[in-house]
Amino acid sequence: MSQLITALRPPRRPRRGRPVLASVCGATLPLVEQTRPRVAPPHRQPMLPADLRTAEAEALDAVLAALAAGAQGLWTVEFRFEGLRIMPVALRLLAALTPRHPRLQLLFPDAGAAALARRDAPEQAGQIASLGDLMRLQQADGGSEGLLLLVAPTPADYEEVEQVCAQHRGVVVMVNGRLEDAAVGIGTVARERRRGFLAGWQSAYALIPTADGALRRVYPEAWQLYRRDADGYRAVTTFEQRPDAEQQAEALSSSGVGRSLQAVDRFIEGLRS
């Protein structure tokens with residue numbers, strides 16, 4: 001899958017003035033469960049968000065719905081766009097969730113990122129910490145409670161994230177995390193992680209442009225697949241579980257003419273804000 005942004009030049013406008021979503025690729029966390037796609041109902045017109053702020057509003061609604069589903073859980077939020085500055089997105093999500101969850105903590109993998117976030121949001125500095133900070137607190141207090149918003153951990157942070165989640169009595173929402181290490185491959189360690197800790201995460205929100213279209217999920221709705229045509233993006237089908245690359249390719253190749261044109265404007269401008 002290519003890593004490409006074509007929107008460095010102004011987007012080409014299709015007929016009837018409908019704008020076009022920038023073509024961006026992003027990797028996703030794996031899900032081994034297979035499921036058969038079902039065609040989207042004709043009466044429903046699922047739309048892609050018009051810009052990043054609209055996507056953030058969708059993500060907020062999805063997270064609130066996920067939190068209402070239970071007092072505990074591991075949830076993910078994904079904006080898989082190359083060049084996206086995730087810290088401002090995370091700070092805005094922190095501000096939006098705090099009135100409903102005043103004990104919310106925003107966690108970064110390292111102390112340096114946490115310090116930058118405190119500098120950029122001094123009014124929320126007391127809610128921002130690093131994984132190491134929380135691990136020390138958990139050791140002292142026998143665990144932690146409340147809502148955790150974990151920002152962009154990498155495979156290098158896997159053990160720390162697993163330990164923090166094991167000691168946390170509450171919900172953890174991971175934003176743009178990549179916990180699976182491709183270097184581990186298909187060995188025993190990778191299989192154990194997929195069956196164990198990684199298998200426990202559920203998707204609250206995902207907006208994932210791909211080489212041939214886009215994948216979107218807004219909890220509690222199904223996964224929606226879009227096909228990129230010459231004149232825009234068309235909703236093709238839905239999946240009850242996250243589709244893998246093979247399922248997506250099969251659905252796109254057999255979709256024929258899409259059911260509804262869903263065009264997106266100002267996306268790159270939003271990603272760079």
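Hey, LEU52 hits all of (1) surrounded by 15 or more Cβ atoms within 10 Å (Cβ to Cβ); (2) farther than 25 Å from ARG169 by Cα; (3) out of contact with any strand residue (DSSP E or B) (no Cβ under 9 Å at 6 or more places or on another chain) but one; which does it fall short on?
Failing condition for LEU52: (3).
Can you pull out the residues in segment 122-151 that are under 22 Å from the mean Cα position of the chain (by Cα) and crowded, with 17+ Cβ neighbours inside 10 Å? Lay out the reasoning, then the answer.
Here is the first cut: in segment 122-151, the ones under 22 Å from the mean Cα position of the chain (by Cα) are 127-131, 146-151.
Hits for segment 122-151 are GLN127, ILE128, ALA129, SER130, LEU131, LEU147, LEU148, LEU149, LEU150, VAL151.
Can we say GLU33 is among the acidic types (Asp, Glu) and either at pLDDT below 95 or touching a Leu at 6+ places or on another chain (Cβ under 7 Å) (or both)? Step through it out loud before you land on a result.
Numbers: among the acidic types (Asp, Glu): yes; either at pLDDT below 95 or touching a Leu at 6+ places or on another chain (Cβ under 7 Å) (or both): yes.
The answer is yes for GLU33.
For residues that are crowded, with 18+ Cβ neighbours inside 10 Å, of a type in the set (A, V, I, L, M) and out of contact with any Lys or Arg (no Cβ under 7 Å at 6 or more places or on another chain), tally how many sit in segment 242-254. Even if it seems obvious, please write down each step before you answer.
Here is the first cut: in segment 242-254, the ones crowded, with 18+ Cβ neighbours inside 10 Å are 242-243, 247-248, 251-252.
So of that shortlist, the ones also of a type in the set (A, V, I, L, M) come out as 251-252.
Now narrow it down to the ones that are out of contact with any Lys or Arg (no Cβ under 7 Å at 6 or more places or on another chain): 251.
The total comes to 1.
Pairs only if they're at least six apart or on different chains, beta carbon under 8 angstrom, first in segment 54-68 and more than 15 Å from PHE79 (Cβ to Cβ), second small (Gly, Ala, Ser) and modelled with pLDDT of 95 or more; list them, first residue then second.
From residues that are more than 15 Å from PHE79 (Cβ to Cβ), the pairs are ALA65/ALA204; ALA66/ALA204.
The values are calculated or read from the model by the stated rules, or taken from the named source; none is laboratory data. Computed from a prediction, not measured in an experiment: that's the story for all the values here. Glycine gets a Cβ as well: all are built from the backbone with ideal geometry, and neighbour counts include every protein chain shown.
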